[in-house]
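Structure, as structure tokens:
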Amino acid sequence: MGTLYIDDQPVEFQPGDNVLDAAKRANIEVPYFCYHPALGAVGSCRVCAMETVPSREGEQPRTVMTCTLKAQDGMRFRFAQSDKAPGVSKTMVEFYMTRHPNDCPVCDEGGDCHLQNMTVEVGHAYRRFDGQKKTYPNQLLGPLVWNTANRCITCYRCVRFYQDYALGDDFGAMGSRNNVLFRRIDDGAFDSPFAGNIITVCPTGTFTDKVFRRKYSRTWMLKKSASICAHCSVGCHVEPGARAGTLRRVVPNENSAVNQYFICDRGRYAPHASEAANRPLQVKVGGQLRQEPALAVLRQALAVSDARWGVMGSAREDVVTNLVLQQLASDLNAPFTAFTDPLTEVRTKTAVNLSLSAPSLQDIEAADCILVVGELTEHAPMMELAVRQALKQGKPVMMLHAAASLLAGMVRKQRSLQAQTQAPVLWAETLQKLISSLSQEQADGWAALLKNAKAPVLLGVAEVMPTAAIKALAELAAVLGEQARVGFALPAANSFGAAQVSQAGSSEQLLEALERGDINALLVVGADPMSGWQGERWSKALAKIQHLVVVDHIHSATVQAATVVVPSATVSEHNGVFINYEGRVQSFAKAYSRETQVLLQEELIALLSGDARARVQSQLLSMLGSVMPSPGSTGSRIKPATLPIGQLAEAVLGNGPALVLQGWHGEEEVAGFATELASLTPHDSVGIAPAYAKALGLTLDKNSRLTISVHNKQLTLPVSLSAQVAEGCVAVSRRAFAELQARLGDEVKLTAAMRLSEEPAAPSVVAHFTPLQGDNSNGGLRP
Amino acid sequence: MSLTEHEIEHLREHIEHYPEKRAGAIYCLYYVQDKYGYIPRASLDEVSELTDLSPTQLDELITFYTLLRRRPVGRRLIRICDSISCYTRGSEQVLAAAKEASGVEFGQISKDGAVTVLPSICLGLCDRAPAGLVDDSEDLGELTPEKIRDLICSYAAETLDSKSGGGQQILAVLKDQQ
Ligand code: SF4
Ligand code: SF4
Ligand code: FES
Ligand code: FES
């Protein structure tokens, strides 16, 4: 805290501010390029100039770069009043513009361009340079990010984000002098789950959103709103932008205490599922498209006389929708669940009960010791980015996992012993051992690191952790004392909320009611039970019933099997409330309406009786408290009472290899319908550790294939040898799980299958994303 | 394309002399470049294994230093200075003549595989401007367009085996390019 003076105007500053921060806070428009609040100052662009005011006799005024000066009480500067500083900024910008093309009219950055704003702001309106501009080759970077190399002003923000902040190592600064290019060694998509952020940090149009550019709109014409990302339980703040009833892009919503400046690529690109060609946009009854309004059709469908209903909500739909559905179920005297899988329900609820002290992303960044259980990157990318911040500062990060994970690779690189692979069935035991070694006088290894930490953080991935392991992780936190925090990445954006509105064992009860024939009609809103962990059971049960009414915005397996399909709104198309993994209640606002009418989830309340509506209100009140957070605000955290859970048998240790999930960071139920993101889905393979393969008597190399057999089902896949897969395990994708109709932890048989030919693998999907013909955005200067 | 066990052993030994593995990166890269005439993509992965620098970090190094290269060059690599002293003494004309004599753009390999011409920053031979450097070892001074033309012609006349290494390999690369 303190005051400094700019042009004699007092400016308050906060601890840790540099002079540029303080000036920005006071709305003094100082130009800057290389500085970014999350990336820090490097003082390389030389435009944030001010002049010092001599405080002692004989001292000369100096021109300084304000981003590199720590704010101190009583400092004095001249900015507008200086005869030198503005000239420095202006000259620097003029220099940058000698390289930069004058292609603003066709540039995607237009309207959001920091370079354009600064150029105008410093008054460099007239270009004197009439020499030839140097041109640089663009690089094809896969389906998500577009590169126009000529526009770069070499502020280094992109690499500072990519390498220094996000610890990526497949993108860098190549060259020297006036021949610097920011690129990858090889063409193609980025490895990092956070690559899209280079679009956000780049102050020019060098990196732009390739999906947005195919359905471009001037950014000031976009309809925007303060929304919440619907693609994992972190609940990042995002700003969707839409035009003419279609979604064009999603960017991070800054100024939030949750995700601050960034989002992951899943959050940026999964929402484009709303524009999928096969998205249901019209009511369909018995396979026939209908013109009637969605709500009327729904009312009619629910009124059929011979129906005994069940109702299914969803962990990816908001809290109010689920509450309304729960009350609708009670009006219909029907069983209700918000889960598609009994095991996931139990694990989610167990984790939610133990999440009362869950760390925020900032807590994770500030932790001095972190233990991660499960493949965090693949389930909650931004939570993992927070872990990378601690890792980067050299804080000990330990990881217990069963399948390959990007984070595990990083942890290994730092200290090879701190990432351990183990079959999930053994995790609880390992954690219990850790607990008992904590109580010993001379704790060593992981126990010592945890014991000596002042702010340890324990993170788990609920979907892949056996219930006993979830409990053991929380117990470990309890033993470590109050300074320790434990949190869990939950399976979906509103898993926390969904857990609050379903009875113990609700999904199993609904499934059994269907299987027994107690109910013959099911209303499903925003869920796809037929593709989940219990896909096979649901498919069988649903095949028997007369009425399957599905409300959704993706062309899911369940939608395809429905007798009545009602199109619904995506998260950018309606208002609602999600509860994230910390129990943080966050509202999101509708950004736009589609041209064809889709059902807004908030309209569902019209289906309720008066009594039921009142119950929704009172439940909402008791759950969330009286103040509903406004969209864009950070929201407050709720501490709900312990949920009843019920019992469920889980997989036990077998003799043969157990199936574990090989996820990837762009994967999620809705994300699978976002064409560009989904095109990066890794090829299916069966992951196995070389040592374990050997122990099983299998001789494998990169051209081997294996046949997995489990309950009468077989699947043959190429082998991916990875020391990151635990002993006793084979790792396969969700798609392979579905095909095998298998569950997490199922024991399988492996047999060698015919080898792949030695031909090089087919080129990756990236090749399909060559630039559009006639694409002229780099001013016609093609590389 | 990969290093032999013996070569890897040698590089490992060399790297051990440094307090940090990455300090040995430049040595390894030169070693690879001497072997192949340039640094191929696959070698980045090999050197990365040895030095704990990512392939990207190695490429950043290579592209920063002009004496390291990622593309094959002709049997003779001719650098001609285009910095200030040489420029004032006519390096532009020398470069133009060299380009013409080689028959290809700067940085490319002449059709016969004999030469690659590259403009260079100051070579520290300003007193002999316009200056050049052949194969990063033989210096050239007081260049004129005639001199450089003669030199390139003499390289073209060299028999393939008159210079150790490279020749066949470069012709193979050229064949690939066609
Ligand atoms: S690409 Fe953008 S962020 Fe990267 S250095 Fe250039 S201008 Fe800066
Ligand atoms: S971390 Fe989760 S909530 Fe955040 S942007 Fe990514 S998918 Fe969305
Ligand atoms: S913002 Fe201060 S030097 Fe770039
Ligand atoms: S300027 Fe050419 S050698 Fe120095």
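The values are calculated or read from the model by the stated rules, or taken from the named source; none is laboratory data. On a predicted model such as this, the values are computed, not experimentally measured, just so you know. Backbone-built Cβ (ideal geometry, glycine too); neighbour counts: all protein chains shown.
Things to note:
- Within the stretch A:56-110, the set of residues being part of a loop (DSSP other than H, G, I, E, B) and under 28 Å from residue A:147 (Cβ atoms) comprises A:100, A:101, A:102, A:103, A:107, A:108, A:109, A:110.
- Residues of the stretch A:368-390 satisfying the condition of being farther than 19 Å from residue A:236 by Cα and surrounded by fewer than 22 Cβ atoms within 10 Å (Cβ to Cβ): A:368, A:390
- Highlighted here are the helices (runs of 4 or more DSSP H) found entirely within the stretch B:49-137 that include at least 1 residues which are in contact with a strand residue (DSSP E or B) (Cβ under 7 Å, 6 or more places away or on another chain): B:55-64, B:91-102.
- Of all the numbered requirements in (1) out of contact with any helix residue (DSSP H, G or I) (no Cβ under 6 Å at 6 or more places or on another chain); (2) within 26 Å of residue A:185 (Cα to Cα); (3) more than 13 Å from chain A (Cβ to nearest Cβ), residue B:91 misses one, and that requirement is (2).
- For the stretch A:233-255, filtering for residues that are within 18 Å of residue A:629 (Cβ to Cβ) and surrounded by 21 or more Cβ atoms within 10 Å (Cβ to Cβ) leaves 7.
- Qualifying residues in the stretch A:150-180 (those that are within 16 Å of ligand 3 (Cβ to nearest atom) and part of a loop (DSSP other than H, G, I, E, B)) - the one farthest from residue A:34 (Cα to Cα): A:152
- Top-ranked residue in the stretch A:210-228 [being more than 22 Å from residue A:574 (Cα to Cα) and surrounded by 22 or more Cβ atoms within 10 Å (Cβ to Cβ); ranked as farthest from the other protein chains (Cβ to nearest Cβ)]: A:211
- The one condition in (1) surrounded by fewer than 22 Cβ atoms within 10 Å (Cβ to Cβ); (2) more than 29 Å from residue A:167 (Cα to Cα) that residue A:260 fails to fulfil: (2)
- The residue pairs whose first member lies in the stretch B:37-57 and is facing chain A (nearest Cβ under 10 Å), whose second member is among the hydrophobic types (A, V, I, L, M, F, W, C), and whose beta carbons are closer than 7 Å, counting only pairs six or more residues apart or on different chains, are B:44/A:185; B:44/B:58; B:48/B:58; B:53/B:25; B:55/A:185; B:55/B:44; B:56/A:171; B:56/A:185.
- One residue alone among A:211, A:251 is within 16 Å of ligand 2 (Cβ to nearest atom), under 24 Å from residue A:590 (Cα atoms), free of Cβ contacts under 8 Å to residues at least 60 places away in the same chain and of a type in the set (Val, Ile, Thr), and that residue is A:251.
- Of the criteria (1) free of Cβ contacts under 8 Å to residues at least 60 places away in the same chain; (2) of a type in the set (Gly, Ala, Ser); (3) in the same structural domain as residue A:590 (by TED's automatic domain parsing), which one residue A:294 fails: (1)
- For the stretch A:557-566, the criterion of being modelled with pLDDT of 95 or more and either closer than 18 Å to residue A:271 by Cα or part of a loop (DSSP other than H, G, I, E, B) (or both) is satisfied by at least one residue.
- Residue A:565, sole failed condition from (1) surrounded by fewer than 22 Cβ atoms within 10 Å (Cβ to Cβ); (2) out of contact with any Leu (no Cβ under 9 Å at 6 or more places or on another chain): (1)
Every residue, every condition in (1) more than 14 Å from every other protein chain (Cβ to nearest Cβ); (2) away from ligand 1 (no atom under 16 Å from the Cβ); (3) farther than 30 Å from residue A:385 by Cβ; (4) more than 42 Å from the chain's Cα centre (by Cα), yes or no:
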site	(1), (2), (3), (4)
A:39	yes, no, no, no
A:44	yes, no, no, no
A:55	yes, yes, yes, yes
A:88	yes, yes, yes, no
A:91	yes, yes, yes, no
A:105	yes, yes, yes, no
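- Conditions (1) over 30 Å from residue A:528 (Cβ atoms); (2) at pLDDT 90 or above: number failed by residue A:735: (1)
- Checking residue A:189 against (1) within 16 Å of residue A:39 (Cβ to Cβ); (2) more than 12 Å from chain B (Cβ to nearest Cβ); (3) part of a loop (DSSP other than H, G, I, E, B), the condition it does not meet: (1)
- For the stretch A:147-171, the candidate set comprises residues that are out of contact with any Ser or Thr (no Cβ under 9 Å at 6 or more places or on another chain) and crowded, with 19+ Cβ neighbours inside 10 Å; within that set, the residue that is nearest to the other protein chains (Cβ to nearest Cβ) is A:159.
- Number of residues in the stretch B:19-36 that are more than 18 Å from residue B:54 (Cα to Cα) and within 14 Å of chain A (Cβ to nearest Cβ) equals 0.
- Within the stretch A:254-270, the set of residues being closer than 19 Å to residue A:672 by Cβ and either more than 9 Å from ligand 2 (Cβ to nearest atom) or hydroxyl-bearing (Ser, Thr, Tyr) (or both) comprises A:269 only.
- Considered as a group, the residues in the stretch A:172-186 that are within 8 Å of chain B (Cβ to nearest Cβ) and touching a Leu at 6+ places or on another chain (Cβ under 9 Å) include one that is modelled with the lowest pLDDT, and that residue is A:175.
- Among residues of the stretch B:62-91 that are more than 16 Å from residue B:105 (Cα to Cα), those with a Cβ under 6 angstrom from a residue that is modelled with pLDDT of 95 or more and within 16 Å of ligand 1 (Cβ to nearest atom), sequence gap 6+ or separate chain, pair up as B:63/A:174.
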